[in-house]
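Student: Got a structure here, written out as structure tokens. Questions coming.
The values are calculated or read from the model by the stated rules, or taken from the named source; none is laboratory data. Predicted, not measured: the structure shown is a model, and the values here were computed from it. Positions of Cβ are backbone-derived with ideal geometry, glycine not excepted, and every protein chain shown enters the neighbour counts.
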């Protein structure tokens, strides 16, 4: 994995904030791809980073799950 795709500079709290925002957009009816694009723009993350946060959040059952 490329260094630009790592999340070393993001605290767990920041990753949880990203995950929560992503889930809330999807819960409000936004399509998955569109929600990822919105979060990418809002937080300055790549698609790969968002997917890793999404996976981590689901694996750890972060709120709002």
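Student: Being part of a loop (DSSP other than H, G, I, E, B), over 12 Å from the mean Cα position of the chain (by Cα) and within 19 Å of residue 63 (Cβ to Cβ) is the filter; apply it to segment 1-34 and report the residue that is modelled with the lowest pLDDT. Break it down stepwise before answering.
Tutor: Start the filter on segment 1-34 by keeping residues that are part of a loop (DSSP other than H, G, I, E, B), which leaves 1-2, 6-11, 28-31.
Subsequent filtering for residues that are over 12 Å from the mean Cα position of the chain (by Cα) retains 1-2, 6, 8-9, 11, 28-31.
Filter once more, keeping what is within 19 Å of residue 63 (Cβ to Cβ): 11, 28, 30.
Working: 11: 92, 28: 96, 30: 97.
For segment 1-34, the residue satisfying everything is 11.
Student: Taking segment 44-65 as the region of interest, how many residues are in contact with a helix residue (DSSP H, G or I) (Cβ under 7 Å, 6 or more places away or on another chain), loosely packed, with under 12 Cβ neighbours inside 10 Å and without any contact (Cβ under 8 Å) to a residue 40 or more places away in the chain?
Tutor: Matching residues across segment 44-65 total 0.
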